[in-house]
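A.B. asks: My questions all concern the structure below.
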Amino acid sequence: MLKFLLKVLDRLEEIIVATLIGAATVVIFLSVIHRYASGWAIPGVQDWLLSLHFGWAQEACIYMFIWMAKFGAAYGVRTGIHVGVDVFINSLKDKTRAKFVVIGLLGGALFTGIIGTLGWKFVWEVGMRYAVATAFGFDWPDLTEGPTSPDLEWPVWIFYSAIPLGSYLMCFRFLQVTWNFIGTGQLPHHDAGHVEGIDEDINLGTADPVHPAGVAHGLGGDK
């Protein structure tokens, strides 16, 4: 059951990132086409294009890229595609290296957890508290509606929710990677040449086996 839920979370994470990238690309493309096509002196067509309002496109794309970046960062932790300088860490013995890796991962979890908590408090006070009270009929004191975005005119707490949601997801991914590393001694590694869903039927030759910095001898003692 847990593995199934993790697979659902993985797929949902990928769908959110891919959907936001695709939606932002389409919106930007249509906005640019509209901007230039509105200058064409075509009777009827120009009037119709000028009647269309795309002033919200830039703001919408900015917020979509923010959401994409937050969830994409969590995806990066899970798949190991974040750029990092690990020359010094990899030069250490297995026992010391494993300890530094765990400390680094737990540090990332702590940092993103703090950012998620602070972000949640901010979102709650900037308008979510008012939205919850209004939706469920709570009579809380000092309720303020909160600001809205200038173009879309949506409550800004909806857009700012990317901070706690993305940060908490990233914190969970750090803990997930830490747990897997302690159990297997391996960190997630992204192969840029691998295409998911395609079986590797072609043997590209013998390669040197990768030596995992296993916790069995990484945390337990040197070779």
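A.B. asks: For residue 179, indicate whether it is within 19 Å of residue 77 (Cα to Cα) and assigned to a helix (DSSP H, G or I).
C.D. replies: For residue 179, the condition - within 19 Å of residue 77 (Cα to Cα) and assigned to a helix (DSSP H, G or I) - is met.
A.B. asks: How about the range 99-115: which of its residues are open to solvent by 70 Å² or more (accessible area, probe 1.4 Å) and either under 19 Å from residue 73 (Cβ atoms) or acidic (Asp, Glu) (or both)?
C.D. replies: 106, 110, 111, 114, listed by residue number.
A.B. asks: Find the residue count for the range 142-162, including only residues that are part of a loop (DSSP other than H, G, I, E, B) and either free of Cβ contacts under 8 Å to residues at least 24 places away in the same chain or at positive phi (or both).
C.D. replies: The number of residues fulfilling the criteria is 8.
A.B. asks: Would you be able to say whether some residue in the range 116-124 is in a helix (DSSP H, G or I), more than 21 Å from residue 159 (Cβ to Cβ) and open to solvent by 30 Å² or more (accessible area, probe 1.4 Å)?
C.D. replies: no
A.B. asks: Can you name the helices (runs of 4 or more DSSP H) wholly within the range 1-98 that have at least 3 residues being open to solvent by 40 Å² or more (accessible area, probe 1.4 Å) and either more than 30 Å from residue 182 (Cα to Cα) or touching a Leu at 6+ places or on another chain (Cβ under 6 Å) (or both)?
C.D. replies: Result: 2-37, 45-51, 57-79.
A.B. asks: Let me ask something else about it. Please go through the range 45-63 and give me each residue that is under 16 Å from residue 32 (Cβ atoms) and in contact with a helix residue (DSSP H, G or I) (Cβ under 8 Å, 6 or more places away or on another chain), ordered by number.
C.D. replies: Passing the criteria: 49, 52, 54, 57, 58, 60, 61.
A.B. asks: So the check is Cβ under 8 Å with 6+ separation or different chains; which pairs have a first residue in the range 171-199 that's surrounded by 15 or more Cβ atoms within 10 Å (Cβ to Cβ) and a second one that's modelled with pLDDT under 75 and among the aliphatic types (A, V, I, L, M)?
C.D. replies: As it stands, the answer is 181/215; 182/215; 182/219; 185/213; 185/215; 185/216; 186/213, since those pairs meet every condition given.
For (1) touching a helix residue (DSSP H, G or I) at 6+ places or on another chain (Cβ under 8 Å); (2) part of a loop (DSSP other than H, G, I, E, B); (3) modelled with pLDDT under 55; (4) farther than 30 Å from residue 53 by Cβ, each residue gets a yes or a no:
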position: 140; (1), (2), (3), (4): yes, yes, no, yes
position: 183; (1), (2), (3), (4): yes, no, no, yes
position: 193; (1), (2), (3), (4): no, yes, no, yes
position: 199; (1), (2), (3), (4): no, yes, yes, yes
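The values are calculated or read from the model by the stated rules, or taken from the named source; none is laboratory data. Computed from a prediction, not measured in an experiment: that's the story for all the values here. Quick reminder, even Gly has a Cβ in these numbers, built from the backbone with ideal geometry, and neighbours come from all protein chains shown. Please note that ligands, DNA and RNA were not included when accessible areas were found on the heavy atoms of the full protein model with its side chains. Shrake-Rupley method; radii C 1.70, N 1.55, O 1.52, S 1.80 Å.
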